[in-house]
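Notes to accompany the following structure.
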Amino acid sequence: MSAYPKSVRIVEVGPRDGLQNELMVVPTDKKVQFIDMLSESGLQTIEAGAFVSPKWVPQMADTDKVYAAINKKAGVSYPVLVPNERGMESALKAGVKEIAVFAAASETFSKKNINCSMDESLDRFRPVMETAKRNGIKVRGYVSCVLGCPYEGEIKPEAVAKTATALHDMGCYEISLGDTIGTGTPVKTRTMLQEVKKDISPAALAVHFHDTYGQALANILVALEEGIAVVDSATSGLGGCPYAQGASGNVATEDVLYMLGGMGIATGVDIAKIAAAGRFIGETLGHATSSKAAKALAAKA
């Protein structure tokens, strides 16, 4: 078993992956304030939104306005999700410097989620990648359903590796492996990661766990042991999956920070400032945090 990484980069996905699944459409100024608070915490990467169809994801309809209004802190990246060429055009118009594209390791999920096959989804990204390359825009890739699918059940590690490698070969600098419905457990996580690592260096991998069954931190620990040093998380545990009934939110950034801090692993992120941002967005949404660490810190205050 390899040593744990000395430092971990946290990719904060709350403003995008978290808020897009909330029933409430958060006002633009509140989103801007939320992201600006996160920017002051020491985070290096904060997902700012998504250029997707407002018909299907109304929560992200104001991404251009949010991106224009946020205080873009030096040294911080603010990627946006882009599903196709039309989204890429919007990203260019907004002056975005980094985008994310997404595919699935499940054929059925791909068809239900984005109405096309896995191969078709990859084909859609080729012109997006070419445009990004021409314009000097970094591209991150997401793979959904790496440990389970709401329609197909368990997913073979080989299917995950195939999709991840296709995105990496296409030019994505980093591949985030997502347990979309939160069914993964540590042994399954290790098996999947070891399969993906046959073709992709752990330096180009990230993990993205949902905490449906309370396994996210355990799975992240396995990822650290496998040499992965980038972790996606959402302040307050925001989010869920609209296509996965009962799937709870992303692992809470506060909980990840508490675990990493206790392990002596540097993140450069101030947990108190993340918790404050979590309280702010919780008050905006009208619900309590899902983060155990944030609740414990509040109780001590």
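List of remarks:
- Residues being under 20 Å from V32 (Cβ atoms) and either touching a Pro at 6+ places or on another chain (Cβ under 8 Å) or among the acidic types (D, E) (or both) - total across segment 67-96: 1
- Total residues in segment 52-77, condition over 27 Å from N115 (Cα atoms), in contact with a Ser or Thr (Cβ under 9 Å, 6 or more places away or on another chain) and assigned to a loop (DSSP other than H, G, I, E, B): 5
- Boolean, K133 is over 29 Å from K162 (Cβ atoms) and either part of a helix (DSSP H, G or I) or not hydroxyl-bearing (S, T, Y) (or both): no
- Comparison of Q245, Q215, Q194 shows that the only residue that is modelled with pLDDT under 95 and over 26 Å from K31 (Cβ atoms) is Q245.
- L177 over 20 Å from I265 (Cα atoms), in contact with a His (Cβ under 7 Å, 6 or more places away or on another chain), of a type in the set (A, V, I, L, M, F, W, C) and buried (at least 24 other Cβ atoms within 10 Å of the Cβ): yes
- The set of residues in segment 78-87 being out of contact with any strand residue (DSSP E or B) (no Cβ under 7 Å at 6 or more places or on another chain) and either more than 21 Å from L122 (Cα to Cα) or part of a helix (DSSP H, G or I) (or both) consists of E85, R86, G87.
- Per the conditions (1) modelled with pLDDT under 95; (2) out of contact with any Phe, Trp or Tyr (no Cβ under 8 Å at 6 or more places or on another chain); (3) of a type in the set (A, V, I, L, M), the sole criterion not satisfied by A103 is (2).
- Total residues in segment 175-203, condition of a type in the set (S, T, Y), in contact with a Ser or Thr (Cβ under 8 Å, 6 or more places away or on another chain) and free of Cβ contacts under 8 Å to residues at least 40 places away in the same chain: 1
- Any chance I200 is assigned to a loop (DSSP other than H, G, I, E, B), farther than 28 Å from Q59 by Cα and in contact with a strand residue (DSSP E or B) (Cβ under 6 Å, 6 or more places away or on another chain): no
- Within segment 156-176, the presence of at least one residue that is at pLDDT 95 or above, among the acidic types (D, E), in contact with a Lys or Arg (Cβ under 9 Å, 6 or more places away or on another chain) and closer than 22 Å to E47 by Cα is confirmed.
- Only residues that are surrounded by 14 or more Cβ atoms within 10 Å (Cβ to Cβ) and over 16 Å from W56 (Cβ atoms) were counted in segment 86-103, giving 12.
- The set of residues in segment 268-301 being in a loop (DSSP other than H, G, I, E, B) and in contact with a Ser or Thr (Cβ under 7 Å, 6 or more places away or on another chain) consists of V269, D270, T289, S290, S291.
- Residue, farthest from L23 (Cα to Cα), within segment 280-293, restricted to residues that are surrounded by fewer than 17 Cβ atoms within 10 Å (Cβ to Cβ) and at pLDDT 95 or above: K292
The values are calculated or read from the model by the stated rules, or taken from the named source; none is laboratory data. From a predicted model like this one, the values you see are computed outputs, not experimental measurements. Heads up, the Cβs are rebuilt from the backbone with ideal geometry, glycines too, and the neighbour counts pull from every protein chain shown.
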